Ligand SMILES: [Ca+2]
Ligand SMILES: [Ca+2]
Ligand SMILES: [Ca+2]
């Protein structure tokens, strides 16, 4: 009886996140989830070996809308108006970082955003799938973490980082490899 009450207690305080939908795009897996706080969603994402989605390009941003926006390809198209993505400026106001550690190379904020709630503190970011103002659809908005929201989790390492960035990384890796070979370092 006591155990049952304890279990019930923990079930009430922590939302159980479930996967609603799974889609592959550009080598990575994307999962649409039930609602939770940012902390709950990211913890769940990490337990699956992923992170809350990091949107690294216009193409990846479009993929989200084409899949889960109104009229999208998924059975869950139009299911949510907004979903949590893995971007935050909780550590330093105005400096946005991806929870995945990806470089912040693509900025998808709606016009006039981020606002930081006019100074009241908005440190997490949602993707707008549906809005009365059509210009905001497919764009991002900084929000506080008061409400539980659905999210997209991204699993995989194909980050769709812009080519010049990728090219520089490859050049640097091969430079250091060559240097190490010359110096006899393994
Ligand atoms: Ca990504
Ligand atoms: Ca902020
Ligand atoms: Ca805002």
With respect to residue 112, is the statement that it is within 16 Å of ligand 1 (Cβ to nearest atom), at pLDDT 95 or above, assigned to a loop (DSSP other than H, G, I, E, B) and loosely packed, with under 14 Cβ neighbours inside 10 Å true? no
Considering only the stretch 76-89, state which residues are more than 13 Å from ligand 1 (Cβ to nearest atom), under 14 Å from the mean Cα position of the chain (by Cα) and in contact (Cβ under 8 Å) with a residue 60 or more places away in the chain. 82, 83, 84
Subset of the stretch 44-75, residues free of Cβ contacts under 8 Å to residues at least 12 places away in the same chain and surrounded by 13 or more Cβ atoms within 10 Å (Cβ to Cβ), comes to 46, 66, 72
Just wondering, is there one or more residues in the stretch 152-162 that are part of a loop (DSSP other than H, G, I, E, B), under 25 Å from residue 27 (Cα atoms) and either within 16 Å of ligand 2 (Cβ to nearest atom) or at pLDDT 95 or above (or both)? no
Assuming residue 15 fulfils every condition listed in (1) surrounded by fewer than 17 Cβ atoms within 10 Å (Cβ to Cβ); (2) on the phi < 0 side of the Ramachandran plot; (3) modelled with pLDDT of 95 or more apart from one, which condition is it? (3)
Of the numbered conditions (1) within 20 Å of residue 131 (Cα to Cα); (2) at pLDDT 95 or above; (3) out of contact with any strand residue (DSSP E or B) (no Cβ under 7 Å at 6 or more places or on another chain), residue 70 satisfies every one except a single condition; which is it? (2)
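Please work out if residue 141 is within 27 Å of residue 26 (Cα to Cα), more than 16 Å from ligand 1 (Cβ to nearest atom) and either in contact with a strand residue (DSSP E or B) (Cβ under 6 Å, 6 or more places away or on another chain) or at pLDDT below 95 (or both). Let's see the steps before the verdict.
Working: within 27 Å of residue 26 (Cα to Cα): yes; more than 16 Å from ligand 1 (Cβ to nearest atom): yes; either in contact with a strand residue (DSSP E or B) (Cβ under 6 Å, 6 or more places away or on another chain) or at pLDDT below 95 (or both): yes.
In short, yes.
The values are calculated or read from the model by the stated rules, or taken from the named source; none is laboratory data. Keep in mind that this is a model prediction, so the values were computed, not measured. Every residue, glycine as well, gets a Cβ built from its backbone with ideal geometry; the counts of neighbours run over all protein chains shown.
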